[in-house]
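S.K.: Sharing a structure below in structure tokens format, with a few things to ask.
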Amino acid sequence: MIVLLAACALSASAQEAADPGVLRIATTTSLYDTGLLNELEDMYENISDVDVQIVAQGTGQALDTARRGDVDLVTVHSPGLEDEFISEGYGINQRCFAYNNFLLVGPASDPAGIANMTPEEAFEAIYVAGTNNTEGVI
């Protein structure tokens, strides 16, 4: 998963109504659930006079919130939707600030038989092994 940051281009009316003492961020639930943004929020609020307000939504909803000018920043992880958002003129200054890797672990005996599979093949095999009640696969 790649998470990107884009500053939203606000409409004139939204800019006029914007409170310079508030930083509004729309983010994905997956990033929000890590707790990282809450830590960054506390740190930033301690060094500034800015109130950080975070709303967690699905990627599409977060981008729609940004399109309406209801937030100042949006953090999402969908390269195709991000590119569309930027090309439509809604965002600027796109930056990758986080990424993650997924690690598939299991017993050395490899009851699902996935050792040399692609991730997609491995998850399918685990699903099949689990539905077939293969010993050692939950």
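The values are calculated or read from the model by the stated rules, or taken from the named source; none is laboratory data. Keep in mind that what you see is a predicted model, and the values were worked out from it rather than measured. Every residue, glycine as well, gets a Cβ built from its backbone with ideal geometry; the counts of neighbours run over all protein chains shown.
S.K.: Being part of a loop (DSSP other than H, G, I, E, B), surrounded by fewer than 19 Cβ atoms within 10 Å (Cβ to Cβ) and not aliphatic (A, V, I, L, M) is the filter here; which residues of region 73-105 pass it? I'd like the intermediate steps shown before the answer.
M.R.: Taking region 73-105 as the starting set, the residues that turn out to be part of a loop (DSSP other than H, G, I, E, B) are 77-78, 88-90, 100-105.
Checking the rest, the ones that are also surrounded by fewer than 19 Cβ atoms within 10 Å (Cβ to Cβ) come to 88-89, 100-105.
The answer is E88, G89, N100, N101, F102.
S.K.: List pairs: first in region 68-94 and in the same structural domain as L37 (by TED's automatic domain parsing), second hydroxyl-bearing (S, T, Y) and assigned to a strand (DSSP E or B), Cβ under 7 Å, 6+ apart or cross-chain?
M.R.: That search, which allows pairs on different chains as well, returns T75/T27; T75/T28; V76/T28; H77/T28.
S.K.: Give me the residue from region 112-136 that is in a loop (DSSP other than H, G, I, E, B) and of a type outside the set (G, A, S) and, out of that set, nearest to F102 (Cα to Cα).
M.R.: The initial filter retains those residues of region 112-136 that are in a loop (DSSP other than H, G, I, E, B), namely 112-118, 132-136.
Checking which are of a type outside the set (G, A, S) leaves us with 114, 116-118, 132-135.
Numbers: I114: 15, N116: 16, M117: 15, T118: 13, N132: 25, N133: 25, T134: 24, E135: 24 Å.
Checking each candidate, the answer is T118.
S.K.: Output the number of residues of region 89-114 satisfying the condition of being under 29 Å from the mean Cα position of the chain (by Cα) and either at pLDDT below 85 or not hydroxyl-bearing (S, T, Y) (or both). Explain how you work it out, then say what you get.
M.R.: At the first step, the residues of region 89-114 found to be under 29 Å from the mean Cα position of the chain (by Cα) are 89-106, 114.
Those still in the list that are either at pLDDT below 85 or not hydroxyl-bearing (S, T, Y) (or both) too: 89, 91-106, 114.
Looking only at that region, the number is 18.
S.K.: If you take the residues in region 106-138 that are loosely packed, with under 10 Cβ neighbours inside 10 Å and among the β-branched types (V, I, T), which one is farthest from T28 (Cα to Cα)? Explain how you work it out, then say what you get.
M.R.: So in region 106-138, the residues loosely packed, with under 10 Cβ neighbours inside 10 Å come out as 107-109, 115-116, 118, 120, 131-133, 135, 138.
Keeping just the survivors that are among the β-branched types (V, I, T) gives 118, 131, 138.
On the way: T118: 27, T131: 31, I138: 29 Å.
Ranking the qualifying residues of region 106-138, first place goes to T131.
S.K.: Pick out the one residue from L81, L103 that is of a type in the set (A, V, I, L, M, F, W, C) and under 17 Å from T27 (Cβ atoms).
M.R.: Numbers: L103 fails: under 17 Å from T27 (Cβ atoms).
Every option except L81 fails the conditions.
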